[in-house]
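One structure is given here, and the rest of the page talks about it.
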Amino acid sequence: MLKNNKPFSLHLNPDLFTPATEEDKEYISAMRPSSTFFKDGMKRLLKNKVATISAIVLILITISCIVIPMFWPYAYDQQLGQRPRKRPDSSYNNLAPMQYGETELERIAEGEFVFPHLLGTDSQGRDYFIRVVYGARISLAVGFFASIIVLIIGLTIGSIAGYVGGKVDLAIMRVVDIIYSLPDTLVIILLSVVLGEVLNLEKTILERIGTNIISMFIVFGLLYWVSMARMIRGQILSLRQQEYVLSARATGAKGFWIIRKHLLPNCISVVIISTALQIPNAIFTESFLSFLGLGVNAPMASLGSLASDAVKGIRSYPYLLIAPAVVICAIVLSLNLFGDGLRDAFDPKLNA
Amino acid sequence: MSGKMLFYILKRALLALLTIFIVITVTFFVMHAVPGNPFAGEKAISAEAQAALEAKFGLDKPLPEQYVDYLADIIFRFDFGPSMKLRGRQVIDVIMDGMKTSAVLGLIAAAGAALTGVILGAVAALRRNSILDKFIMVLTTAFVSMPSFITGTFLLLIFSVWLGWVPANGTTTSGLILPVITLALYPMAYITRLTRSSMLDVLGQDYIRTARAKGVPGWKIIFGHALKNSLIPVITYFGPMLAFIVTGSLVVEQIFAVPGVGRAFVSSITNRDYTMILGTTIFLATLIVIMNLVSDLLYKVVDPRIEFD
């Protein structure tokens, strides 16, 4: 009698194993190249016409903000009527679009080419087009850097709260609760007033940017990280409960591997989307403060301060309002639409 | 009312009180961190006058004592002290004068925004993908992308400068029409989008299908089931909406020259009227915190499904 020491071992018959035929091999070969999550998302994003157009508008505005000041013959703070040792030539103030000042007209009469003032000039005789370009530049820069600040602080604190948990989490979330319930705009106004007085940036690189913008960044860093931190904490908490994390842990994966391979890739789309949607928020706040006179320092222009100046002369020169208004609406609208498109493309869990 | 709910209300009220306390403390110390003399901008004044002024505003005392006095004045007498630049006026009187106009402006704007927003959102959801729906969505997307100072100045330009239908000055009743519209546009657009998406969500629920299957008439489904349930997320927006209206009024009252709190606040900033800035910030912040508390509590009361934690 055959003594079976391993009653549960499988007695396989090697004769039953035959090589696969060509037909069988074809069956398992890939039908098309495998696609990554990023590629999939980009494909969905490019299919979304509205989002694509918004992205193109944004890229165009950004490029013109960078390129136009390089070759434009007028500077944003150059008062064209200013003459050495003479009273300023007031014929340059408040020019309508495509009009020229007196000395310029003389030069044109002599057959010289004078670069046109596409949008006219402002009350100080400065070329308005280049001021709008600089304004858009400031707005975009503020929006971009503010959301980077928010992203860094929010990501760090949110992931610490979510991953460490326990008392650390509890303490962080109480602080978040309190900051969250603070009326942010009022605090920003207050801090801008005070920081404008306290900060002394003379003779530093930051001087040209102005204390108000710096204080705005400080305030963004202090206040706006909370919603980002809250969201990232929530993401990490829910991801930690997922079965694939459990199974990774069960198969012996270490903490760092889990963070790198499971938590981060699943978080990244939400992080990118909310960063993108943070930018218009920052631009709104900057233009709001500039409108109240708490934004950029003159002679630097921002879209908010340009609009604010235009309102003062709205009866006589209403066209001064249109350019900054159109640019700011175009920027914010395309950022909003692009952000929505990003969300639709990269967050398959949201089917809104 | 269950004990759990009472506990929740208590907890939230305490958090709100703590927030208000933090606002007062932070604003007080931040304001007093401003270097230099608050009266430095005025004509050269003698040392005695300087000392008299400092005594009047309590600036001769040490800072912690000033803080305790200030806090006690607010809590027990609802008094924010005298204004530094408006001679002989108390901060709280200036605020209350402005509130008469600002409160009317804000409340009408809030009510109008809520009403039109809900109606437009419901219509858009019920006629999903129709031309009307698309039109409403495009319009609201545009409105949420426009800062209120842009919409405000354009309304001013079109309706009072060019057409001359309403006065540009917000001191009369007809002059308040444009400020109300300007303030209401953004929240209206936001509520429309909120109502639409939550209504679409509700319309896909099983209980709507059940009601339909039972033969409940369409209008009854819409008003009795769909609209009622889809308003729950809208309630959560009430707090942020009022906060938006409060801060939006700073700009709007400036544009239309409305004699409200917002304009008083902005001019106190330009005048560097520190007691006024301090008092108005605390007042408006308290208002916003209370509004947020009320809207949060209302939300929990209205929807019994929500857990108290």
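The values are calculated or read from the model by the stated rules, or taken from the named source; none is laboratory data. As the structure is a computational prediction, the values presented were derived from the model and not from experiment. All Cβ positions, even for glycine, are placed from backbone atoms using ideal geometry, and neighbour counts span all protein chains on display. Side chains included, ligands, DNA and RNA excluded: accessible areas come from the protein's heavy atoms. Shrake-Rupley method; radii C 1.70, N 1.55, O 1.52, S 1.80 Å.
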- Message: For segment B:174-194, give me each residue that is within 10 Å of B:VAL118 (Cα to Cα) and without any contact (Cβ under 8 Å) to a residue 40 or more places away in the chain.
- Response: none
- From (1) more than 14 Å from chain B (Cβ to nearest Cβ); (2) under 21 Å from the mean Cα position of the chain (by Cα); (3) within 30 Å of B:PHE256 (Cβ to Cβ), pick out the condition that doesn't hold for A:ASN297. (2)
- Query: Between a first residue in segment A:177-192 that is without any contact (Cβ under 8 Å) to a residue 24 or more places away in the chain and more than 7 Å from every other protein chain (Cβ to nearest Cβ) and a second residue that is open to solvent by less than 30 Å² (accessible area, probe 1.4 Å) and part of a helix (DSSP H, G or I), which pairs have beta carbons less than 8 Å apart while being 6 or more apart in sequence or on different chains?
  - Reply: none
- From A:TYR163, A:TYR180, residue being part of a helix (DSSP H, G or I), within 30 Å of A:ARG240 (Cβ to Cβ), over 26 Å from the mean Cα position of the chain (by Cα) and modelled with pLDDT under 80: A:TYR163
- Message: Within segment B:179-225, take every residue that is within 30 Å of B:PRO167 (Cβ to Cβ) and of a type in the set (Gly, Ala, Ser) and give me the one that is surrounded by the fewest Cβ atoms within 10 Å (Cβ to Cβ).
- Response: B:ALA189
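Conditions (1) within 11 Å of chain A (Cβ to nearest Cβ); (2) part of a helix (DSSP H, G or I); (3) farther than 23 Å from B:MET31 by Cα, marked per residue:
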| residue | (1), (2), (3) |
| --- | --- |
| B:ASN229 | no, yes, yes |
| B:PRO233 | no, yes, yes |
| B:MET241 | no, yes, yes |
| B:PHE244 | yes, yes, yes |
| B:ILE255 | yes, yes, yes |
| B:GLY262 | yes, yes, no |
| B:SER267 | yes, yes, no |
| B:THR270 | yes, yes, no |
- Task: Inspect segment B:127-135 for any residue being touching a residue at least 24 places away in the same chain (Cβ under 8 Å), within 14 Å of chain A (Cβ to nearest Cβ) and in a helix (DSSP H, G or I) and give the result as yes or no.
- Result: no
- Message: Among the residues of segment B:95-116, are any more than 30 Å from B:MET276 (Cα to Cα), under 21 Å from the mean Cα position of the chain (by Cα), in contact (Cβ under 8 Å) with a residue 24 or more places away in the chain and within 14 Å of chain A (Cβ to nearest Cβ)?
- Response: no
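Just give me the residues in segment A:67-80 being touching a residue at least 24 places away in the same chain (Cβ under 8 Å) and either part of a helix (DSSP H, G or I) or surrounded by 13 or more Cβ atoms within 10 Å (Cβ to Cβ) (or both), in sequence order.
Step one: of segment A:67-80, the residues touching a residue at least 24 places away in the same chain (Cβ under 8 Å) are A:68-69, A:72-80.
Scanning segment A:67-80 gives A:ILE68, A:PRO69, A:TRP72, A:TYR74, A:ALA75, A:TYR76, A:ASP77, A:GLN78, A:GLN79, A:LEU80.
Any chance segment A:201-212 includes a residue that's surrounded by 16 or more Cβ atoms within 10 Å (Cβ to Cβ), at pLDDT below 80 and part of a helix (DSSP H, G or I)?
Looking only at segment A:201-212, we keep the residues that are surrounded by 16 or more Cβ atoms within 10 Å (Cβ to Cβ), and these are A:209-212.
Now narrow it down to the ones that are at pLDDT below 80: A:209-212.
Applying the additional criterion that residues be part of a helix (DSSP H, G or I) yields A:211-212.
Yes, the conditions are met somewhere in segment A:201-212.
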